[in-house]
Amino acid sequence: MAQITGIPPWFKEARDKPCSTRDARGKGDGTEPFLAKTLSNIASAAARLLDSEECAGRPGLLQGLNPASRIAGICSVIMGAAITKNPAMLGGIILLTAVLAFASRVPPAVLVKRVMPAFAFTAVIIAPVFFMANAGFKAGVFIIARVTAMTALTALLALTTRQTDLFRGLRRLPVPQFFVTALFMTFRYIFILLKMAEDAAFAKKSRLISRAGLRQSQSQNQRWFASRVALFLKKSLDMAEDVMGAMASRGFTGQVKTFDGEGLRQRDYIWLFAAFFVFFLSVGF
Amino acid sequence: MAGQVYKLEGVGYSYGTYSALKNISFTVNAGESLAILGANGSGKSSLLKILDGLQFASVGRVEFFGERITEETLKHGLLRCFRERVGFVFPEPDVQLFCPTVFEEVAFGPLQLDIPAAEARKRVADLLEMLGISALKERAPHTLSSGEKKKVAIASVLAVNPDVLLLDEPTNGLDPRTQVWLFELLGSLKALKKTVIMATHDLSLVQDFADRAIVLDESHTAAADGSCAAILRDKDLLLRANIIHEHTHRHGDVIHIHSHGPFATHDEHE
């Protein structure tokens with residue numbers, strides 16, 4: 001086999017000493033906090049997506065419903081939680097959410113994990129209310145319970161609905177078709193860009209040799225970040241152009257045409273009736 | 001540097017509930033050229049990332065020259081030595097190239113190693129000359145062609161003179177001339193006794209270059225580990241692992257059944 005010529009002497013030098021923790025020169029993992037955080041966020045986003053897909057694949061009450069009726073029903077219960085002024089009604093909605101989660105075989109820990117950030121955020125935002133009189137305390141608890149119920153229902157919908165079902169369901173509802181398609185494509189390509197972002201972070205991590213080396217040049221870090229932003233902008237623009245071209249080449253003229261999908265079954269009507277009933281009760285109370 | 005470079009024992013890796021690798025065990029000796037073969041999604045890239053200490057095995061043990069590679073050991077002192085010795089070429093060069101010019105890109109590694117600026121400049125110039133890309137040194141990486149980007153990505157990794165080179169799908173998207181260039185480069189690295197581990201499904205590259213191959217099947221386990229010649233002769237194994245496929249077509253009254261890939265022959269008649 002032919003070989004490359006002009007190999008410099010330094011490249012021919014072999015190291016004679018293996019790596020050892022006993023005489024290591026560098027300390028620290030060389031991963032800057034923001035890079036480690038980026039990687040960890042990407043990994044947790046991917047894990048969350050996989051969790052959702054796994055949950056959505058289980059046989060359960062919500063999973064067995066038509067996606068359109070599932071979305072419409074949960075949305076009406078969410079609206080009920082948003083407008084009710086009655087603590088008992090709100091408590092009932094939270095109880096209903098727990099029953100739905102149980103019947104849909106959603107692990108409580110997964111649901112709680114999804115709800116906790118919104119719960120904590122709301123608690124922090126309205127913390128001053130708790131220092132007011134008794135009414136303030138009650139109002140604070142009520143707001144937290146309302147946010148918790150709405151977040152839990154949204155999480156429940158996400159956990160029991162595959163991405164494809166979500167978009168299929170939205171298409172059957174009175175949502176503009178082009179909006180749904182744009183949303184689907186955004187969701188689809190965001191994961192490609194997410195994968196690319198992860199690889200970019202890994203590529204940098206694989207070339208980080210010492211923390212000290214990087215600290216010498218903060219501007220290098222900033223340039224890396226700026227170059228990645230520019231790369232993703234360029235890639236997304238290129239991709240958008242390619243996707244548009246691919247759609248046009250297959251006959252797309254601005255109007256998205258899709259299959260109608262499955263019709264509603266008896267259980268969907270029962271579910272919709274129950275969900276709308278909760279909504280009307282919330283309006284009444 | 002002689003000896004056993006990597007030792008993997010019962011390595012598994014999962015993304016949430018999805019297993020990307022299951023019970024992988026093998027060793028790699030210094031100077032060896034190893035191909036990791038497998039269909040898309042079989043876990044080749046995850047395995048390379050584990051070998052580069054970018055991801056860590058969910059179960060099992062990974063050793064590099066006898067030192068266990070974990071998040072903790074890299075944090076506590078091994079990292080610099082490990083990164084000096086192991087280079088990773090990603091399949092998509094764009095993710096790897098982040099400096100404003102090719103020259104700075106290739107200099108990134110040596111500067112991390114605290115090599116004096118003058119020496120680093122010489123290294124970069126030598127390397128660009130060796131790889132035949134000196135003319136690109138002032139260009140911005142994003143303005144290069146795919147083949148040129150790949151050359152710069154490889155140069156940026158070779159600049160720290162790694163003993164072990166990990167390549168993920170190295171021939172992906174390369175034109176024939178750049179492929180030949182890559183084959184020649186790998187031949188030179190082999191002659192210099194560098195350890196090269198590549199994940200690929202390009203069997204022509206494996207045949208020409210690798211000493212040994214490990215086949216990952218679609219259940220994410222190692223289906224075979226042996227000499228390249230033996231692995232490439234095992235048509236059933238390659239078919240089972242979805243690395244080649246069989247194709248039937250007709251010439252007049254003769255029906256040909258043959259596998260697709262560089263080892264396809266038209267002598268299997270029915």
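The values are calculated or read from the model by the stated rules, or taken from the named source; none is laboratory data. Keep in mind that this is a model prediction, so the values were computed, not measured. Note: ideal-geometry Cβ built from the backbone for every residue, glycine included; neighbour counts use all protein chains shown. Surface areas here come from the heavy atoms of the whole protein model, side chains and all, with no ligands, DNA or RNA. Shrake-Rupley method; radii C 1.70, N 1.55, O 1.52, S 1.80 Å.
Give the residues of segment A:49-74 that are touching a residue at least 40 places away in the same chain (Cβ under 8 Å), open to solvent by 30 Å² or more (accessible area, probe 1.4 Å) and outside any loop (DSSP other than H, G, I, E, B), sorted by residue number. Of everything in segment A:49-74, those that are touching a residue at least 40 places away in the same chain (Cβ under 8 Å), open to solvent by 30 Å² or more (accessible area, probe 1.4 Å) and outside any loop (DSSP other than H, G, I, E, B) turn out to be A:L49, A:D51, A:E53.
When restricted to residues that are free of Cβ contacts under 8 Å to residues at least 60 places away in the same chain, over 21 Å from A:L264 (Cβ atoms) and surrounded by fewer than 20 Cβ atoms within 10 Å (Cβ to Cβ), segment A:148-190 contains 11. Taken as a whole, segment B:36-52 holds no residue that is in a strand (DSSP E or B), at the interface with chain A (Cβ under 7 Å from one of its Cβ atoms) and closer than 30 Å to A:K234 by Cα. Quick one: would you say B:L8 is modelled with pLDDT of 90 or more and within 25 Å of B:K193 (Cα to Cα)? Considered against the rule, which asks whether it is modelled with pLDDT of 90 or more and within 25 Å of B:K193 (Cα to Cα), B:L8 comes out as yes.
Sort out which residues of segment B:1-35 are under 21 Å from B:D163 (Cα atoms) and not in a strand (DSSP E or B), and write them in order of number.
B:M1, B:A2, B:G3, B:A30, B:G31, B:E32
Taking helices (runs of 4 or more DSSP H) as the structural unit, those lying wholly within segment B:62-152 and holding at least 3 residues that are more than 7 Å from chain A (Cβ to nearest Cβ) and over 28 Å from A:L193 (Cβ atoms) correspond to B:102-112, B:117-130. Would it be correct to say that B:S219 is more than 8 Å from chain A (Cβ to nearest Cβ), surrounded by fewer than 23 Cβ atoms within 10 Å (Cβ to Cβ), at negative phi and not aromatic (F, W, Y)? Yes, satisfied.
Against the criterion of being more than 7 Å from every other protein chain (Cβ to nearest Cβ), modelled with pLDDT of 75 or more and either on the phi < 0 side of the Ramachandran plot or open to solvent by less than 20 Å² (accessible area, probe 1.4 Å) (or both), A:P8 does not qualify. Screening B:E32 with (1) buried (at least 18 other Cβ atoms within 10 Å of the Cβ); (2) among the acidic types (D, E); (3) within 11 Å of chain A (Cβ to nearest Cβ) gives one miss only, at (3). Please verify whether B:D236 is farther than 18 Å from B:L97 by Cβ and in contact with a strand residue (DSSP E or B) (Cβ under 7 Å, 6 or more places away or on another chain), treating the condition exactly as stated. The answer is no for B:D236. Filtered by the rule that a residue be open to solvent by 30 Å² or more (accessible area, probe 1.4 Å), outside any helix (DSSP H, G or I) and more than 28 Å from B:C81 (Cα to Cα), segment B:153-196 gives B:N172, B:G173, B:D175. Taking the criterion of being of a type in the set (A, V, I, L, M), assigned to a strand (DSSP E or B) and modelled with pLDDT under 80, the residues of segment B:220-270 that qualify are B:V254, B:I255, B:I257.
Among the residues of segment B:188-197, is any touching a residue at least 24 places away in the same chain (Cβ under 8 Å), β-branched (V, I, T) and within 20 Å of A:K12 (Cβ to Cβ)? Break it down stepwise before answering.
Initial filter on segment B:188-197 (touching a residue at least 24 places away in the same chain (Cβ under 8 Å)): B:189-190, B:193-197.
Still in the running and β-branched (V, I, T): B:195-197.
From what is left, the residues that are within 20 Å of A:K12 (Cβ to Cβ) are B:195-196.
So far as segment B:188-197 goes, yes, one or more of its residues are touching a residue at least 24 places away in the same chain (Cβ under 8 Å), β-branched (V, I, T) and within 20 Å of A:K12 (Cβ to Cβ).
For (1) in contact (Cβ under 8 Å) with a residue 40 or more places away in the chain; (2) crowded, with 23+ Cβ neighbours inside 10 Å, each residue gets a yes or a no:
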{"site": "B:V5", "(1), (2)": "yes, yes"}
{"site": "B:S14", "(1), (2)": "yes, no"}
{"site": "B:T17", "(1), (2)": "no, no"}
{"site": "B:N23", "(1), (2)": "yes, no"}
{"site": "B:V28", "(1), (2)": "yes, no"}
{"site": "B:I36", "(1), (2)": "yes, yes"}
{"site": "B:L47", "(1), (2)": "yes, yes"}
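Under the condition of being free of Cβ contacts under 8 Å to residues at least 12 places away in the same chain, under 19 Å from A:K204 (Cβ atoms) and crowded, with 19+ Cβ neighbours inside 10 Å, the residues counted in segment B:105-151 number 1.
Evaluated against (1) in contact with a Phe, Trp or Tyr (Cβ under 7 Å, 6 or more places away or on another chain); (2) closer than 26 Å to B:N40 by Cβ, B:V59 falls short on exactly one condition, (1).
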